[in-house]
Each structure stands twice: as C-alpha cells, then as structure tokens.
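The values are calculated or read from the model by the stated rules, or taken from the named source; none is laboratory data. The structure presented is a predicted model; accordingly, all values stated were derived computationally and were not measured. Counting neighbours? That spans all protein chains shown, and the Cβs are built from the backbone with ideal geometry, glycine included.
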Amino acid sequence: MTQAEIKLCSLLLQEHFGEIVEKIGVHLIRTGSQPLRVIAHDTGTSLDQVKKALCVLIQHNLVIHRVHKRGVVEYEAQCSRVLRMLRYPRYIYTAKTLYSDTGELLVEELLLNGKMTMSAVVKKVADRLTETMEDGKNMDYAEVSNTFVRLADTHFVQRCPVVPATENSDPGPPPPAPTLVISEKDMYLVPKLSLIGKGKRRRSSDEDATGEPKAKRPKHTSDNKEPIPDDGIYWQANLDRFHQHFRDQAIVSAVANRMDQTSSEIVRTMLRMSEITTSSSAPFTQPLSSNEIFRSLPVGYNISKQVLDQYLTLLADDPAKTLLSDLDPRHEDLHKALGCLSTASLESVVQERFGSRCARIFRLVLQKKHLEQKQVEDFAMIPAKEAKDMLYKMLSENFISLQEIPKTPDHAPSRTFYLYTVNIPSAARMLLHRCYKSVANLIERRQFETKENKRLLEKSQRVEAIIASMQATGAEEAQLQEIEEMITAPERQQLETLKRNVNKLDACEIQVDETIFLLESYIESTLKRQ
Amino acid sequence: MAGNKGRGRAAYTFNIEAVGFSRGEKLPDVVLKPPPLFPDTDYKPVPLKTGEGEDYVLALKQELRETMKRMPYFVETPEEKQDIERYSKRYMKVYKEEWIPDWRRLPRELMPRKKCKKGPKSKKAKNTDKDTSLTNTADVLKKIEELEKRGDGEKSDEENEEKEGSKEKSKEGDDEDEDDAADQEEYDEEEQEEENDYINSYFEDGDDFGADSDDNMDEATY
C-alpha cells in the first residue's frame, strides 16, 4: 500500500470510527496479517480495546480473520475496502434514483451497520419512514420487504458468508475461529420471511432535549427475547454491483456526449441486458444479436430496424471508441471503453494543469504512439523552444515517458533514438496516486477549518438549541430576537464563510472520488486481462 | 580515446541536438533545492460541478458523517480526567445504543473474558453511569452524611477505598460492558448483593464521584 493510500485510510477510519479503531486499522494495513497479541503489543493499546476495534472492523467488512496453522487466528485488513468508505454517499444516492426513498434507506442502513439481518433492516427502515410520514400513517413492513427483495434480485445486496453448520458428532474441539463460506447460488437467495407489521413511531416523550442522559429509557430487551426467523443470515451491500452501475453510467454518458441521445440509449440497452449475466469483472459483455437489441429497446424509442443497424455500424466504426465489435452478434469491449474514459481524464488533467498547447502535444503523442523531439515540433506546429519546455514539464510529472531505441549495442547516447510516448496504465496509476493524495489533503484541510472555528460552531449550536427550546415553550418574537443577537454580525459572516468552505471541500472530495473510481476500474481491468 | 578530447572542457557524450538544445546555448539553471511546497499554478482550477444531484450527495455526505459519530461503532477514546468538572459536560453525554456482535461469526479470542465476580457489578456500573447524575450526587451526599456520623478518620479511609473500588469497576465496565451485556442475564442480582454489606448502587460512578469526593475530602480533613 502506498503512503498516500495509508494516509487516506487513516483519515477515513478516524472520521468514521474514532481514534482507537483507526490506530488498529492502520497498523493492520501497514503490516499485513497479524494475530491478536502481536497487534496489541505493537500498537501499545490494551487487549480489550484491540478486541473491540477488531469487532467493529470485522462487522464492517474491513478486516477478515483466518485460522492459520497451529490454531493461530490472524487478522488482515482490506485497504481497498477502506477506501470505498469515501463513496458511500454515492451508493446511497444511486439506490435512491433506482428504488426511491425506501431503497435509499435500506442501502444506507446496510452501509452504516456493515451487515444486518433482513428482518432487522426492514424493521429499522420502516420505523424511519414512519417518522417522516404524516401523523397517523405507518409504513408497512411488506412494502419495505418488497424493495429489499428487488434489491437482492438485481444483486445490489448480497448475503454474507455464513458459518457452516457442523454436525454434532464433530470429534475435535471447536476451531478457534469459524471459517465462513458462501456458495454462488445462495448469494442472492432471500429467506422466506413473513414480516407482518408496521413501522413504529417513536414516542414523543423519548425525544427529550438531547442533553438529558437517557438512562431511564426502557431497554429493548423484549426484541432480543423473540426468536428471529432469519437468524444468522446477514446481508451486505454489494459494492461491485454498484461499481458496475457507475461504469455503465459513465459509458452511456460518454456516448451521449460524443454522439446523440439515441445512440446512448442503444448502448444503455445493451449494457442493461448483460447486467446480471456478465460478472462485474468481465472484459466483454455478452454477445447480443441486433434483433435482441431491437426487441429490448425502451418503448419510447420507435426507430426502425434499419436505423438501429445504422446506429450500430456507426458505433462500431467510431475510430476513437471502438466500443462494439464489427459483426453481429455484437458485444461491447468494456476494457477499451474504460481505457478511453481514463485517457480522457488524463487529457483533461494535462489541459487544466499545463495549458491547451501542452494538451495538444499530449494528444498528439497519444495518437501517434511514439514521436521524436523534432517530429513533435513539426506535427504540433509549436516553436521548438516551447515544445521542448512543455515536453520536459510533462516528462518530469510522468505523464509522458521516454522510450530508448539504441542503434548500436553499446547504447551510446549519441547513437540512440529517444522517443516520447504515453504509457497509459502507468500514467493512470500515477494520476490515481495523486488523487488519493488530493483527497487526503482535502480531508485534512476540512478538519483544520472545523477545528479552527470550533468555539464558534459550538456557540452557534448552543444558541440554536436555546432558540428551539424557547420556541417549543412559546416565547415571544422579541426574546427570540435577543437570543439571535448573541451571535454578532462578523461572527455570522465567519460562520457563513466556514460553511461555504466546508461545503466546497466536501464537494471536491466527492468529485475527485469519481475520477478515482474511473482510474481504479481501468487499472483493475488491465490487471484482470493479463 | 576519442572521448578524452575535451579534457577540462565541457563535452557532451551524446548529440546535444537530439535533446533539443543547440550548441553554445545557455542551459537552464541547475536546481539546488527541492520544489516549493505550494507552487504557484499558472491556470485556475476548473469550477466544481453543481446541480441538484450534487447538492443531494453533498447533504448525504455531511449527514452520514454526523450519524457515524453517534453509532455504537464509533469507539470513543477514554478521556483523561479534567481538573475542573465542567457542569455542561454532564448534560452533553450522548446516549449510544448498545451493540452486541454475533459471536458465532467471530473468533473466540475476541470475546471478552468473563470475569464472574465483577460482571454484574460492572453492569450495574454502566446502569448507574447512565442514571441521572443528580441521584448519584444525592446518594453520595447521603452516604457522606452517614459516614460523617461514624467519624472523620474512618470516613476518609472508607471513601478512599470505595472510590478506588468503584473506579476500577467502572473502568472495566466501560471496556467490557457492551460486550458483556449478553452474558450477564443469567446472574441473579440479588445473589450478588448478598456478598457484601454495601448497597452497590450508591457508589458506582467513576468520573463524577471522583471529583465530588475530592472536594468533600478537602473540606473534611483539616
């Protein structure tokens, strides 16, 4: 794991789970798989805290455990999974667009809790939805279950590996840790539950002022005592499927930008038809004949078969994208599509960082694969000195690399060709590394800004709480005015600036994450290809 | 060898033309220090994407951050005791739900060790932690009055003992509580109560009790 990745993981863990979990998590990411005692010793934390941290990390699928020889249990952290935490809002938003509020809340609960049983998550979501509904209305469990089943059918949620049922006649002592298994066909099987009920509204007496310690709240032991019908069957969000969705979205929007709406619809149809049949890491979609595509087009688009064929030929002949294969049945070359998208990201980065002329040189070298210094100047029509300068700038930042072609066996520099070329996977990796660094910087800056203004934030929170409580007890307008004036005008301005900055930094993180996704998908697909 | 021709004089081993500099031209300066930490950028960055979708995702992100802090998975670092007990701190404690992991899925070594004797006491420690601190201080004051009657010397000793005992228990309670809760249901509270003469609910509070009793102790011993 690179330093930038480790730093980013550390910041994400700290924000979401606190310092102790962060310390353990980062230690595991750095050192690989380790047993419990070694972790406690190396990090200098007490055994109890390490145990707690590991429980939390395992619950959230960030750490896995494995039994090694001699019965030692080792824990291994999954760095890439930690980095996914940055993308949680995007997953939740996608679920909202596909399955509306119910789906959104289901995915949110699953992501927040790592894994949950179906009954637990359905109940929680029904309660939450009931809160937002008008008085007197309740959310039915059946509706929520239906959405859950739909999510499972489209593979957006999947079952976690289960403890294998051991027979009672097992002779030896039970293993120190269960080895969890799951078979492919069981992964999306929804258990037959008859969840009857409606969501409960929280009693208004429970919503005391948040300051009051709520010890007198009756413990929910009654829920624990009832036997849960789907005990032991846990569900988690299937991040790969979300990634597949994002990738399809990116391809469709790229086609829409390059050509027109209709061609993007065709591409979307093709991708949708192979959604469940192709695994997420396959380089090609399933071959589909043009008849099948014609039948599956959405109802609104009544284009004739010939027009469809013309579009398909157009898409296939596109020199830059070469998405489709030439013959019928056609399939999409997903690897190439990802490559094109990553290249586009690289090009735009070069343009924004170095200027449009640099971008021209970059695109030139991309197109011609290998060019000499002189040729670059000629083709790009840029004066020699500037071209030289730009090439070296890009070379120093590793967007462009040099390829040596010696004329003589002794590689004498005066008798060697030096060609400029763009090595796309390597440039993509470099850019990805930079993205990780940027996100880490953004998070740090946001934390710094919040910390600087902590006193002011707390003050404004207190004032808001006071106003809220006064409004609840029916205060006059004048009194409220007085309380509001406790925050002076310059302080208000400061708060405004802080809010604006924090929003901007957050938005930056989200958008850098989109580039990260693209580059990671591309690199993953190059690895799978080999 | 031909290569030594330019001894003492700058001579390139390769054709300088190939790299792009003409002979005799001034080469750029040698860089003697690392590049600046925040270099000036020539071009302004591209403005961020804006739109309904982006705004919604932004709001989601900020809400998620807040929610995570309130979940039971957010493990608080045990704070060091502050010198002055802040009145507001008592009322700002956030109530967190318990979380008990499914022990069947986890390695056995992760389960907290069951300490039979201290178990139910730690549970009670947790219970009384969450109880309103007002009743606690009331109890403490009552207890102190009682002890005052028994005599000054004895009182400070006993208070010391109780304070240390309860602190120890509450520390362990803090660590293992959430994990132990499932195990404690079997123990009968009454059974444990018979073990000693003291009524346990009086004294189980680490933080508040420590500060309060300190003050009282100072006043008592002259």
Legend entry - Selected residue [away from chain B (no Cβ under 14 Å), surrounded by 15 or more Cβ atoms within 10 Å (Cβ to Cβ) and in contact with a Pro (Cβ under 9 Å, 6 or more places away or on another chain)] from A:467, A:510, A:523: A:523
Legend entry - Sole exception among (1) closer than 29 Å to residue A:241 by Cβ; (2) modelled with pLDDT of 90 or more; (3) at the interface with another protein chain (Cβ under 10 Å from one of its Cβ atoms) for residue A:103, by number: (3)
Legend entry - Number of positions in the stretch A:31-70 that are assigned to a helix (DSSP H, G or I), of a type in the set (Lys, Arg) and either under 22 Å from residue A:162 (Cβ atoms) or within 8 Å of another protein chain (Cβ to nearest Cβ) (or both): 2
Inset, instruction - Look through the stretch A:18-39, keep the residues that are buried (at least 18 other Cβ atoms within 10 Å of the Cβ) and of a type in the set (A, V, I, L, M, F, W, C), and return whichever of them is nearest to residue A:74 (Cα to Cα). - result: A:36
Inset, instruction - Within the stretch A:354-400, work out how many residues are outside any helix (DSSP H, G or I) and within 10 Å of another protein chain (Cβ to nearest Cβ). - result: 2
Inset, instruction - Identify all residues within the stretch A:403-421 that are over 21 Å from residue A:344 (Cα atoms) and either among the hydrophobic types (A, V, I, L, M, F, W, C) or more than 10 Å from chain B (Cβ to nearest Cβ) (or both); write none if there are none. - result: A:403, A:404, A:405, A:406, A:407, A:408, A:409, A:410, A:411, A:412, A:417, A:419
Inset, instruction - For the stretch A:71-93, enumerate the residues that are of a type in the set (Val, Ile, Thr), in contact (Cβ under 8 Å) with a residue 24 or more places away in the chain and facing another protein chain (nearest Cβ under 10 Å). - result: A:72, A:73
Inset, instruction - Take the stretch A:367-424 and flag every residue that is more than 41 Å from the chain's Cα centre (by Cα) and under 20 Å from residue A:352 (Cβ atoms). - result: A:382
Legend entry - Subset of the stretch A:468-522 that is small (Gly, Ala, Ser) and part of a helix (DSSP H, G or I) - its residue that is farthest from residue A:339 (Cα to Cα): A:478
Legend entry - Condition met for residue B:33 (farther than 26 Å from residue A:352 by Cβ, assigned to a loop (DSSP other than H, G, I, E, B), at pLDDT 80 or above and among the charged types (D, E, K, R)): yes
Inset, instruction - Please identify the pairs in which a residue from the stretch B:55-71 that is over 18 Å from residue A:443 (Cβ atoms) has its Cβ atom under 7 Å from the Cβ atom of a residue that is among the basic types (Lys, Arg) and at pLDDT below 90, counting only partners at least 6 apart or on another chain. - result: B:70/B:96
